[in-house]
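I have placed the structure first, in the form of structure tokens, so that the comments after it can refer back to it.
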Amino acid sequence: VSRLVSPEKVCLATKAELEAALKPGFRFLFLNSANPNKRIHMLPPLAMEMRSRGIRDFIFITTMNPQASYTRDIVARFRSMKLEQHFQNLGPVAPDRVASLIACADAMCNICRVESFSNNFIEAWTMELPLVVTGSDWAQAACGRSALYVNPENLPECALALSRLMHDADLGKSLVEEGKLQLKQHPTSQEKTRLYFKEIERARDLGFCARSVQNKIRWPRMAW
């Protein structure tokens with residue numbers, strides 16, 4: 001995790017500023033860019049499903065570029081469905097304000113279709129926030145028991161899972177405690193930097209890879 005993201009890096013003045021700007025309700029934070037892979041476009045129908053089940057006291061907070069066409073489409077859909085009270089896009093957040101923003105949230109969410117890993121995981125565990133992620137193999141391999149797994153394409157199931165997190169304090173505490181354990185399996189930012197330099201030095205010692213050697217490398221074919 002970045003050294004800028006920890007409870008000690010929360011600025012009380014920044015946190016108070018953000019608290020005043022954020023809409024009320026249980027805050028699900030989606031700290032990501034405007035990219036279809038992030039599946040933020042699933043949030044309008046999810047909000048509608050939650051409301052149809054009587055779940056009202058919630059808000060989805062995003063950090064997408066407001067000028068991106070993807071963002072504008074999502075904003076327009078929330079508006080057309082009359083669900084604006086359940087959505088707030090803050091735009092990109094400066095690195096030194098991320099910890100303060102996370103401290104304003106009630107849960108960190110990542111419903112990406114696929115990623116190799118996500119800083120959101122580390123950030124949630126470090127900031128001791130419940131983590132909600134896509135229930136796919138790549139996410140479960142990374143998070144173990146430290147996340148609430150959802151399928152955003154199954155709206156009823158996803159809505160009930162989020163509702164449970166909103167109203168079950170023991171579930172939230174359990175996820176936070178599991179996150180602390182999961183965090184111990186990862187290097188600190190200082191250790192990560194040391195490992196980077198170790199690999200750079202290893203590459204230096206191995207020397208230049210000639211074109212004749214490069215041509216013998218057979219990369220695995222990836223299925224996307």
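The values are calculated or read from the model by the stated rules, or taken from the named source; none is laboratory data. In this text, all values refer to a predicted model and were calculated from it rather than measured experimentally. Note that we place each Cβ from the backbone using ideal geometry, even for glycine, and neighbour counts take in every protein chain shown. These area figures cover heavy atoms from the full protein model, side chains too; ligands, DNA and RNA do not enter into them. Shrake-Rupley method; radii C 1.70, N 1.55, O 1.52, S 1.80 Å.
Tallying residues that are part of a helix (DSSP H, G or I), open to solvent by 80 Å² or more (accessible area, probe 1.4 Å) and of a type outside the set (Asp, Glu) within the range 65-91 yields 5.
Only one of these is open to solvent by 20 Å² or more (accessible area, probe 1.4 Å), within 29 Å of residue 10 (Cβ to Cβ) and in contact with a Lys or Arg (Cβ under 7 Å, 6 or more places away or on another chain): 106, 96. Name it.
On the way: 96 fails: in contact with a Lys or Arg (Cβ under 7 Å, 6 or more places away or on another chain).
That would be 106, the only listed residue that is open to solvent by 20 Å² or more (accessible area, probe 1.4 Å), within 29 Å of residue 10 (Cβ to Cβ) and in contact with a Lys or Arg (Cβ under 7 Å, 6 or more places away or on another chain).
Return yes or no: is residue 51 open to solvent by 30 Å² or more (accessible area, probe 1.4 Å), in a helix (DSSP H, G or I) and within 20 Å of residue 167 (Cα to Cα)? When the stated conditions are applied, residue 51 passes them. Annotation note: Cβ proximity below 9 Å between a residue of the range 55-69 that is on the phi > 0 side of the Ramachandran plot and a residue that is of a type in the set (Lys, Arg) and in a strand (DSSP E or B) (sequence gap 6+ or interchain) occurs for no pair. In the set (1) at positive phi; (2) touching a strand residue (DSSP E or B) at 6+ places or on another chain (Cβ under 6 Å), residue 161 fails one condition alone, (1). As a summary of the residue check, residue 204 satisfies the conditions (1) in contact with a Lys or Arg (Cβ under 7 Å, 6 or more places away or on another chain); (2) open to solvent by 100 Å² or more (accessible area, probe 1.4 Å) except for the one numbered (1). List the residue pairs whose Cβ atoms are under 8 Å apart, where the first residue sits in the range 80-97 and is at pLDDT 95 or above, the second is of a type in the set (S, T, N, Q) and open to solvent by 30 Å² or more (accessible area, probe 1.4 Å), and the two are 6 or more positions apart or on different chains. Going by the 8 Å Cβ cut-off, the qualifying pairs are 91/65; 92/33; 92/65.
Let's see how each residue does on (1) at pLDDT below 90; (2) open to solvent by less than 90 Å² (accessible area, probe 1.4 Å); (3) touching a Phe, Trp or Tyr at 6+ places or on another chain (Cβ under 6 Å):
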position	(1), (2), (3)
144	no, yes, no
150	no, yes, no
155	no, yes, no
160	no, no, no
180	no, yes, no
199	no, no, no
210	yes, yes, no
216	yes, no, no
221	yes, no, no
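Identification of helices (runs of 4 or more DSSP H) wholly contained in the range 126-224 with 3 or more residues that are free of Cβ contacts under 8 Å to residues at least 12 places away in the same chain and of a type in the set (A, V, I, L, M, F, W, C) yields 189-206. When the range 1-33 is filtered for residues that are farther than 24 Å from residue 148 by Cβ, assigned to a loop (DSSP other than H, G, I, E, B) and within 19 Å of the chain's Cα centre (by Cα), the ones remaining, listed by number, are 3, 4. Exactly one residue out of 24, 45, 7 is without any contact (Cβ under 8 Å) to a residue 40 or more places away in the chain and open to solvent by 10 Å² or more (accessible area, probe 1.4 Å): that is 24. Could you say which residue among 173, 184 is charged (D, E, K, R), open to solvent by 90 Å² or more (accessible area, probe 1.4 Å), within 25 Å of the chain's Cα centre (by Cα) and closer than 23 Å to residue 138 by Cβ? The unique qualifying residue is 184.
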